[in-house]
Amino acid sequence: MSEYKKICYWVDLYGLKKVKEYIDQSGSPLDSEPRIPCRVLRSSRNIGYIDPEAWNGFCRRRTSWHQRSNKTGKFLVASNKPLDDLDIGEPIIIRESNFKPNDLPSYEENLQMITSERYQSTKPDIWENVDSLDKEFYQRWFERYRPKELFNFDKIFAHHSANHANFIDPKFFVNMDGIKAPYSIADSIHVCSSCVEFFSILGEEWPVKYVVPCIGAVQFAHLSMDQYFEVRFQKKVEL
(Lines give C-alpha, C1' and ligand atoms only; values in the text may rest on other atoms or scores of the structure.)
Protein backbone atom coordinates (compact mmCIF):
# COMPACT_ATOMS: atom_id res chain seq x y z
CA MET A 1 0.00 0.00 0.00
CA SER A 2 1.39 3.40 -0.98
CA GLU A 3 1.87 6.19 1.52
CA TYR A 4 -1.17 8.39 2.09
CA LYS A 5 -0.95 11.81 0.43
CA LYS A 6 -3.50 14.47 -0.46
CA ILE A 7 -2.91 17.79 -2.20
CA CYS A 8 -5.57 20.41 -1.49
CA TYR A 9 -6.32 23.82 -3.01
CA TRP A 10 -8.72 26.56 -1.98
CA VAL A 11 -10.24 28.00 -5.16
CA ASP A 12 -12.94 30.39 -6.32
CA LEU A 13 -15.49 29.57 -9.04
CA TYR A 14 -13.00 30.39 -11.79
CA GLY A 15 -10.41 28.08 -10.24
CA LEU A 16 -12.99 25.31 -9.89
CA LYS A 17 -13.91 25.75 -13.57
CA LYS A 18 -10.23 25.25 -14.51
CA VAL A 19 -10.10 22.07 -12.45
CA LYS A 20 -13.33 20.75 -14.01
CA GLU A 21 -12.05 21.43 -17.54
CA TYR A 22 -8.80 19.65 -16.74
CA ILE A 23 -10.59 16.64 -15.25
CA ASP A 24 -13.04 16.47 -18.18
CA GLN A 25 -10.07 16.12 -20.54
CA SER A 26 -8.63 13.27 -18.48
CA GLY A 27 -11.92 11.40 -18.35
CA SER A 28 -11.90 11.13 -14.54
CA PRO A 29 -14.97 12.13 -12.48
CA LEU A 30 -14.81 15.19 -10.21
CA ASP A 31 -17.03 14.39 -7.25
CA SER A 32 -18.54 17.12 -5.09
CA GLU A 33 -18.97 16.70 -1.34
CA PRO A 34 -22.24 18.33 -0.21
CA ARG A 35 -22.48 17.40 3.51
CA ILE A 36 -19.34 16.09 5.25
CA PRO A 37 -16.14 18.01 4.33
CA CYS A 38 -13.60 15.43 5.51
CA ARG A 39 -14.90 12.78 3.08
CA VAL A 40 -12.77 14.32 0.31
CA LEU A 41 -9.75 13.02 2.26
CA ARG A 42 -10.56 9.39 1.47
CA SER A 43 -7.61 7.86 -0.38
CA SER A 44 -10.11 6.06 -2.63
CA ARG A 45 -11.31 9.39 -4.05
CA ASN A 46 -8.78 10.45 -6.65
CA ILE A 47 -10.11 13.97 -6.76
CA GLY A 48 -13.09 15.78 -5.32
CA TYR A 49 -14.16 19.13 -3.98
CA ILE A 50 -16.07 20.51 -1.03
CA ASP A 51 -19.06 22.64 -1.88
CA PRO A 52 -19.30 25.70 0.42
CA GLU A 53 -22.68 24.45 1.67
CA ALA A 54 -21.03 21.31 3.07
CA TRP A 55 -19.81 23.34 6.05
CA ASN A 56 -23.47 23.78 7.04
CA GLY A 57 -24.17 20.07 6.74
CA PHE A 58 -23.74 17.16 9.14
CA CYS A 59 -20.93 18.82 11.15
CA ARG A 60 -22.34 22.37 11.15
CA ARG A 61 -21.46 23.23 14.77
CA ARG A 62 -18.14 21.38 14.70
CA THR A 63 -17.00 23.04 11.47
CA SER A 64 -18.39 26.50 12.27
CA TRP A 65 -14.78 27.76 12.43
CA HIS A 66 -14.96 27.89 8.63
CA GLN A 67 -17.62 30.61 8.77
CA ARG A 68 -15.24 32.88 10.72
CA SER A 69 -12.37 32.38 8.27
CA ASN A 70 -11.22 33.83 4.96
CA LYS A 71 -12.25 30.57 3.26
CA THR A 72 -15.99 31.33 3.36
CA GLY A 73 -17.56 30.92 -0.08
CA LYS A 74 -14.54 29.12 -1.55
CA PHE A 75 -14.26 25.54 -2.78
CA LEU A 76 -11.70 23.07 -1.44
CA VAL A 77 -10.28 20.72 -4.09
CA ALA A 78 -8.56 17.58 -2.76
CA SER A 79 -6.54 15.45 -5.15
CA ASN A 80 -4.25 12.43 -4.97
CA LYS A 81 -1.99 14.15 -7.51
CA PRO A 82 -0.71 17.74 -7.72
CA LEU A 83 -2.54 20.23 -9.94
CA ASP A 84 0.29 22.77 -10.03
CA ASP A 85 0.11 23.26 -13.81
CA LEU A 86 -3.34 24.82 -13.41
CA ASP A 87 -1.98 27.76 -11.38
CA ILE A 88 -4.84 27.66 -8.88
CA GLY A 89 -2.91 28.69 -5.78
CA GLU A 90 -0.62 27.29 -3.16
CA PRO A 91 -1.21 23.63 -2.26
CA ILE A 92 -1.86 22.18 1.19
CA ILE A 93 0.04 18.89 1.28
CA ILE A 94 -1.15 16.23 3.73
CA ARG A 95 0.99 13.14 4.37
CA GLU A 96 1.23 10.38 6.92
CA SER A 97 3.91 11.12 9.49
CA ASN A 98 5.88 9.25 12.13
CA PHE A 99 5.69 12.32 14.38
CA LYS A 100 5.06 11.65 18.06
CA PRO A 101 4.85 14.52 20.57
CA ASN A 102 7.03 14.51 23.65
CA ASP A 103 4.66 16.70 25.62
CA LEU A 104 0.87 16.81 25.99
CA PRO A 105 -1.12 19.17 28.22
CA SER A 106 -2.85 18.23 31.43
CA TYR A 107 -6.56 18.91 31.86
CA GLU A 108 -5.68 22.03 33.86
CA GLU A 109 -3.46 23.25 31.02
CA ASN A 110 -6.30 22.65 28.57
CA LEU A 111 -8.54 24.90 30.63
CA GLN A 112 -5.85 27.57 30.68
CA MET A 113 -5.34 27.40 26.91
CA ILE A 114 -8.97 28.15 26.14
CA THR A 115 -8.76 31.40 28.09
CA SER A 116 -6.41 32.71 25.39
CA GLU A 117 -7.59 36.06 24.03
CA ARG A 118 -6.89 34.95 20.45
CA TYR A 119 -8.87 31.75 20.93
CA GLN A 120 -11.82 33.53 22.51
CA SER A 121 -11.98 36.16 19.73
CA THR A 122 -11.76 33.48 17.01
CA LYS A 123 -14.25 31.02 18.53
CA PRO A 124 -17.54 30.81 16.58
CA ASP A 125 -20.74 31.73 18.43
CA ILE A 126 -22.28 28.26 18.04
CA TRP A 127 -19.16 26.26 18.94
CA GLU A 128 -20.30 25.75 22.54
CA ASN A 129 -23.95 25.03 21.67
CA VAL A 130 -23.58 21.25 21.88
CA ASP A 131 -26.84 19.32 21.57
CA SER A 132 -27.70 15.90 22.97
CA LEU A 133 -27.13 14.09 19.65
CA ASP A 134 -23.62 15.52 19.49
CA LYS A 135 -22.87 14.26 22.99
CA GLU A 136 -24.29 10.83 22.17
CA PHE A 137 -21.97 10.61 19.15
CA TYR A 138 -18.89 11.17 21.30
CA GLN A 139 -20.15 8.93 24.09
CA ARG A 140 -20.67 6.03 21.67
CA TRP A 141 -17.11 6.25 20.39
CA PHE A 142 -15.63 6.85 23.83
CA GLU A 143 -17.30 3.80 25.33
CA ARG A 144 -16.15 1.69 22.40
CA TYR A 145 -12.47 2.55 22.96
CA ARG A 146 -12.42 3.44 26.67
CA PRO A 147 -14.91 0.92 28.16
CA LYS A 148 -13.32 1.03 31.61
CA GLU A 149 -13.29 4.83 31.87
CA LEU A 150 -16.11 7.16 32.90
CA PHE A 151 -17.43 9.30 30.06
CA ASN A 152 -17.31 13.00 30.94
CA PHE A 153 -18.29 15.21 28.03
CA ASP A 154 -17.20 18.44 29.74
CA LYS A 155 -13.63 17.12 29.94
CA ILE A 156 -13.74 15.87 26.36
CA PHE A 157 -15.06 19.21 25.14
CA ALA A 158 -12.23 20.99 26.97
CA HIS A 159 -9.84 18.82 24.90
CA HIS A 160 -11.73 19.75 21.71
CA SER A 161 -11.49 23.45 22.47
CA ALA A 162 -7.88 23.42 23.68
CA ASN A 163 -6.81 21.48 20.60
CA HIS A 164 -8.15 24.22 18.32
CA ALA A 165 -6.63 26.83 20.62
CA ASN A 166 -3.22 25.25 20.13
CA PHE A 167 -3.37 25.96 16.39
CA ILE A 168 -4.56 29.53 16.97
CA ASP A 169 -2.16 30.45 19.79
CA PRO A 170 0.31 27.53 20.06
CA LYS A 171 1.58 26.46 23.45
CA PHE A 172 2.53 22.94 22.37
CA PHE A 173 4.70 22.83 19.26
CA VAL A 174 8.02 21.69 17.86
CA ASN A 175 10.64 24.12 16.60
CA MET A 176 11.50 23.66 12.93
CA ASP A 177 14.32 25.98 11.89
CA GLY A 178 13.02 28.70 14.16
CA ILE A 179 9.39 28.28 13.08
CA LYS A 180 6.63 26.91 15.31
CA ALA A 181 4.99 23.69 14.14
CA PRO A 182 1.95 23.14 16.40
CA TYR A 183 0.45 19.70 16.83
CA SER A 184 -2.76 18.03 17.96
CA ILE A 185 -2.67 17.68 21.73
CA ALA A 186 -4.86 14.57 22.11
CA ASP A 187 -5.80 11.27 20.52
CA SER A 188 -8.66 10.84 18.05
CA ILE A 189 -11.44 10.35 20.58
CA HIS A 190 -10.48 13.64 22.27
CA VAL A 191 -10.17 15.69 19.04
CA CYS A 192 -13.00 17.39 17.15
CA SER A 193 -13.33 18.82 13.61
CA SER A 194 -9.75 18.09 12.56
CA CYS A 195 -10.73 19.18 9.03
CA VAL A 196 -10.25 22.81 10.06
CA GLU A 197 -6.57 22.05 10.71
CA PHE A 198 -6.13 19.71 7.74
CA PHE A 199 -7.45 22.41 5.40
CA SER A 200 -5.61 25.31 7.12
CA ILE A 201 -8.79 27.07 8.20
CA LEU A 202 -7.02 27.27 11.57
CA GLY A 203 -3.25 27.51 11.72
CA GLU A 204 -2.81 28.92 8.21
CA GLU A 205 0.17 30.95 9.42
CA TRP A 206 2.15 27.85 10.37
CA PRO A 207 3.98 26.30 7.37
CA VAL A 208 3.93 22.90 9.08
CA LYS A 209 1.36 21.35 11.42
CA TYR A 210 0.93 17.82 12.79
CA VAL A 211 -2.72 16.82 12.92
CA VAL A 212 -4.51 13.81 14.39
CA PRO A 213 -7.82 12.95 12.69
CA CYS A 214 -10.94 13.37 14.78
CA ILE A 215 -13.43 10.54 15.19
CA GLY A 216 -15.43 11.97 12.30
CA ALA A 217 -12.42 11.81 9.98
CA VAL A 218 -11.72 8.25 11.15
CA GLN A 219 -15.32 7.26 10.42
CA PHE A 220 -16.06 9.24 7.25
CA ALA A 221 -12.62 9.78 5.65
CA HIS A 222 -11.21 6.40 6.74
CA LEU A 223 -8.08 8.00 8.18
CA SER A 224 -6.05 6.00 10.68
CA MET A 225 -7.05 6.53 14.28
CA ASP A 226 -4.46 8.37 16.45
CA GLN A 227 -2.13 8.74 13.43
CA TYR A 228 -0.32 12.08 13.10
CA PHE A 229 -0.41 13.60 9.62
CA GLU A 230 1.99 16.30 8.47
CA VAL A 231 0.22 19.30 6.93
CA ARG A 232 2.40 21.66 4.90
CA PHE A 233 1.21 24.98 3.57
CA GLN A 234 3.45 27.87 2.54
CA LYS A 235 1.32 30.94 1.99
CA LYS A 236 2.64 33.08 -0.85
CA VAL A 237 3.73 36.55 0.24
CA GLU A 238 2.29 39.29 -1.95
CA LEU A 239 4.98 41.75 -3.08
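The values are calculated or read from the model by the stated rules, or taken from the named source; none is laboratory data. Since this is a predicted model, take the numbers as computed values, not measurements. When we count neighbours, we look across all protein chains shown, and the Cβ atoms used for this are built from the backbone with ideal geometry, even at glycine.
Okay, residues lined up against (1) over 13 Å from the mean Cα position of the chain (by Cα); (2) of a type in the set (A, V, I, L, M, F, W, C); (3) within 23 Å of Asn129 (Cβ to Cβ):
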position: Asp31; (1), (2), (3): yes, no, no
position: Ile36; (1), (2), (3): no, yes, yes
position: Arg61; (1), (2), (3): yes, no, yes
position: Ala78; (1), (2), (3): no, yes, no
position: Lys100; (1), (2), (3): yes, no, no
position: Leu104; (1), (2), (3): yes, yes, no
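Is it the case that some residue within segment 43-63 is modelled with pLDDT under 95, closer than 25 Å to Phe172 by Cα and surrounded by 16 or more Cβ atoms within 10 Å (Cβ to Cβ)?
No: segment 43-63 contains no residue that is modelled with pLDDT under 95, closer than 25 Å to Phe172 by Cα and surrounded by 16 or more Cβ atoms within 10 Å (Cβ to Cβ).
Limited to segment 97-144, what total is found for residues that are surrounded by fewer than 12 Cβ atoms within 10 Å (Cβ to Cβ) and among the charged types (D, E, K, R)?
Result for segment 97-144: 11.
Could you list all residues from segment 45-91 that are under 13 Å from Val19 (Cβ atoms) and part of a loop (DSSP other than H, G, I, E, B)?
Asn46, Lys74, Lys81, Pro82, Leu83, Asp87, Ile88, Gly89, Pro91
Based on this model, can you work out whether Asp85 counts as outside the structural domain of Cys195 (by TED's automatic domain parsing), at pLDDT below 95 and in contact with a Gly (Cβ under 6 Å, 6 or more places away or on another chain)?
no
Six or more apart or on different chains, Cβ atoms under 6 Å: show the pairs whose first residue is in segment 85-112 and under 20 Å from Ser200 (Cα atoms) and in contact (Cβ under 8 Å) with a residue 12 or more places away in the chain and whose second is exposed (fewer than 14 other Cβ atoms within 10 Å of the Cβ) and among the basic types (Lys, Arg).
As it stands, the answer is Glu90/Lys236, since those pairs meet every condition given.
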